[in-house]
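To start, the structure itself, in structure tokens.
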Amino acid sequence: MDQKMLQEFREVLAKNPFVEKIGIEILEIRTGYVFSRVKTKKELENIYEDMHGGCLYTIADNMAGIAASTCGFYVTTVNGSIQYLRAGRNTEYIFCRAEVIKQGKTITAVHVELTDDNDMLLNTAEFTYFNLKERAVS
């Protein structure tokens with residue numbers, strides 16, 4: 001794992017107050033891939049005591065955006081679609097894997113999977129990003 005990249009994108013997350021409130025923690029990162037987790041807590045639940053769907057979407061979008069950014073561009077979301085397959089309940093953490101499936105000159109596509117503590121698939125998502133400008137990669 002690229003420690004410099006890990007530090008860079010942890011700092012990116014720290015600058016986003018909404019994401020910081022959710023508590024996304026990057027565990028692994030490399031070009032085109034990010035693996036993270038969020039500790040479940042009462043403030044992130046819906047009325048059924050499951051993790052709120054909007055929170056799950058936020059996790060997916062942010063991690064997909066970081067995966068896309070590791071390919072060398074600043075990006076912005078063009079489109080996102082999430083499939084809520086199972087409720088995020090009875091788990092200490094929600095885990096997120098985001099992987100670039102197509103890196104283009106102007107568009108990057110990312111596939112996301114959200115799982116629970118038992119690696120049970122909760123959600124899948126697809127995101128498309130517009131590549132704004134090249135990032136300085138050190």
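Values quoted throughout were computed directly from the atomic coordinates according to the rules given, and no laboratory measurement underlies them. For clarity, every value in this text was computed on a predicted model and none was experimentally measured. With ideal geometry, Cβ positions are generated from the backbone for all residues, glycine too; neighbour counts draw on all protein chains shown.
Checking each residue in region 50-87 for being under 22 Å from residue 117 (Cβ atoms) and touching a helix residue (DSSP H, G or I) at 6+ places or on another chain (Cβ under 8 Å) picks out 51, 52, 55, 58, 59, 62, 82, 84.
Listed here are the residues, each with its yes/no results for (1) among the hydrophobic types (A, V, I, L, M, F, W, C); (2) under 12 Å from residue 94 (Cα atoms); (3) in contact (Cβ under 8 Å) with a residue 12 or more places away in the chain; (4) in contact with a Pro (Cβ under 8 Å, 6 or more places away or on another chain).
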position	(1), (2), (3), (4)
31	no, no, yes, no
35	yes, yes, yes, no
48	no, no, yes, no
62	no, no, yes, no
70	no, no, yes, no
73	yes, no, yes, no
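Entry remark, region 50-60: residues being more than 22 Å from residue 76 (Cβ to Cβ) and free of Cβ contacts under 8 Å to residues at least 24 places away in the same chain number 1 in total. Just for region 88-100: of the residues that are surrounded by 12 or more Cβ atoms within 10 Å (Cβ to Cβ) and out of contact with any helix residue (DSSP H, G or I) (no Cβ under 9 Å at 6 or more places or on another chain), which one is nearest to residue 29 (Cα to Cα)? Ranking the candidates gives 95 first.
Of all residues in region 101-138, those satisfying the criterion of being in contact (Cβ under 8 Å) with a residue 40 or more places away in the chain, of a type in the set (A, V, I, L, M, F, W, C), surrounded by fewer than 20 Cβ atoms within 10 Å (Cβ to Cβ) and in a strand (DSSP E or B) are 130, 132.
Taking region 1-84 as the region of interest, the helices (runs of 4 or more DSSP H) fully inside it that hold 3 or more residues being of a type in the set (S, T, N, Q) are 53-69.
If you check 54, 65, which single one turns out to be under 19 Å from residue 32 (Cβ atoms) and either among the small types (Gly, Ala, Ser) or buried (at least 24 other Cβ atoms within 10 Å of the Cβ) (or both)?
Values: 54 fails: under 19 Å from residue 32 (Cβ atoms).
Only one candidate passes the filter, namely 65.
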